[in-house]
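Coordinate-derived values only; no laboratory data. Not measured: the values here are computed from a predicted model. Cβ sites come from the backbone with ideal geometry, for glycine too, and all protein chains shown count toward neighbours.
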Amino acid sequence: MRTRFILRMLLVGFLLCAVAVSAQTLAERLGYPPGTKLIIVHADDLGETHAVNAAAIKALQGGTINSASLMVPCPWFPEMADYAKFHPDTDFGLHLTLTSERVYYRWGPVAPIDKVPSLVDENGYFHHDWEHKQHVNANEVEVELRAQIERALAMGVRPTHLDSHQYRLIMYGKELFDVFLRLAHQYKLPVFVTRDWFAAYPYLQASLGPGDIVLDHTVTIEPEVPPEKWAEFYLTALKNLKPGVTEFVIHPGFDDEELRAATRERSTWGSAWRQRDYDFFTSDQFREVLAQQHIQQITWRELARAAAAAAAAK
């Protein structure tokens, strides 16, 4: 009886410890005290053009932008792959890409076209948009995403995480999200997903396991914000930041002739837009508000270590 009682008490203690670990916030799992405000300033779309690459590299070297992700199918990916290979400590993820949204500046799959016919238009480029998402074959998505990851690895990139261009793998159904998550688990990489999305896309939370990293919030600027209110939008977001881990998804670039030509058919996420993002996140104003609000910057590399520690503890 005594032995049975001791075993029962040990089991209860183990379960209570497990509950306590699972109840920890992401910030606490990273070793920060409750109430800490942490941000990742994350640059999207590297590899798209040289102007995007050059702006992101300059900002990363300046230290205010501290994370980014690379678009493997894009024409200027080799430049970023080369930079990543010789700067292995930089926090680079892969911006897994299944669309080519610009009118005149296009890209297509890494996998052979005949292996991913549902992902391409009649000219062999990725579709501008998915007007009929049911035509996108999930098995072909997995073939293409695996090809993108393998190309990045072969070219010397050692990614810290995976995210999704235009959130296609997040917001277009459970089947695609499960492909995304399965590949992330196979390659032992965290994916960018945030609790902000759970209400609108409940399959996200249902698919995630206890070892998956889930950010608390995300901030990204929308087309409704006029150019003269750009800095005000970001300052307000930073001053109202909630405790936990928040990713600011931004799109830096230099407003030069190359980027103007590549994005000229519309202003959204275009050349001037990207210059405004670059200007704010490399400004003294941004550095000052971080200090004033006691906001700390972290990277996906730290999050990946937390995920690895959680996996090892299983």
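Quick notes
- With the convex hull constructed from alpha-carbon coordinates only, region 93-193 shows a mean projected area of 6.3 nm² over all directions.
- Once the Cα atoms are used to define both axes, helix 50-62 deviates from the longest principal axis of the chain by about 40 degrees.
- 25 °C / 0.890 mPa s Stokes-Einstein diffusion coefficient of region 27-67, Kirkwood radius on C-alpha pairs, µm²/s: 207 µm²/s
- Correct choice for Kirkwood radius over Cα pairs in Å that was computed from the model, options [x] 23.9; [y] 20.7; [z] 19.9: [y]
- Each stretch of four or more DSSP H residues adds -39500 (n - 2.57); spread over every residue of the chain, this sum gives -13000 deg cm²/dmol at 222 nm.
- Förster radius 35 Å - calculated FRET efficiency between I113 and E222, Cβ distance, rounded to 0.05: 0.55
- J(HN,Hα) series, region 31-40, from Karplus relation 6.51 cos²θ - 1.76 cosθ + 1.60, nearest Hz, glycine and proline x: x, 8, x, x, x, 5, 9, 10, 9, 10
- Computed about the Cα centre, the dipole magnitude for region 127-187 is approximately 220 debye when only Lys and Arg (+1) and Asp and Glu (-1) carry charge, each at its Cβ.
- Across region 106-195, C-alpha contacts under 8 Å between residues 6 or more apart give a mean separation that, scaled by the residue count, equals a relative contact order of 25 percent.
- Amide N of region 63-92 lying under 11 Å from the label point, which is placed 7 angstrom from the Cα of R301 along Cα→Cβ: 67, 87-92
- Annotation: region 40-104 has a Kirkwood hydrodynamic radius of 11.8 angstrom, from the mean reciprocal C-alpha pair distance.
- Within the shell defined by Cβ-Cβ distances under 9 Å, the residues around T99 carry a net charge of -1, with Lys and Arg each +1 and Asp and Glu each -1.
- Compared with the dominant Cα axis of the chain, that is its longest principal axis, helix 300-312 is turned about 30°.
- Charge dipole (debye, nearest 20) of the chain; +1 at Cβ of Lys and Arg, -1 at Cβ of Asp and Glu: 1720 debye
- Shape class for region 127-171: prolate, because the ratio a/c of the largest to smallest gyration tensor axis (alpha-carbon atoms, square roots of eigenvalues) is 1.5 or more and a/b beats b/c.
- Region 157-169 - phi-based ³J(HN,Hα) in whole Hz, Karplus 6.51/-1.76/1.60, Gly and Pro as x: 7, 10, x, 9, 6, 10, 9, 10, 4, 6, 6, 4, 7
- Shown is the FRET efficiency for D256 and A312, computed with R0 = 35 Å from the Cβ-Cβ distance and rounded to the nearest 0.05: 0.15.
- Cβ charges +1 (Lys, Arg) and -1 (Asp, Glu), total dipole of region 53-155, debye: 240 debye
- Residues of region 163-178 with amide N under 19 Å of the 7 Å Cα→Cβ point at Q205: 170-175, 177-178
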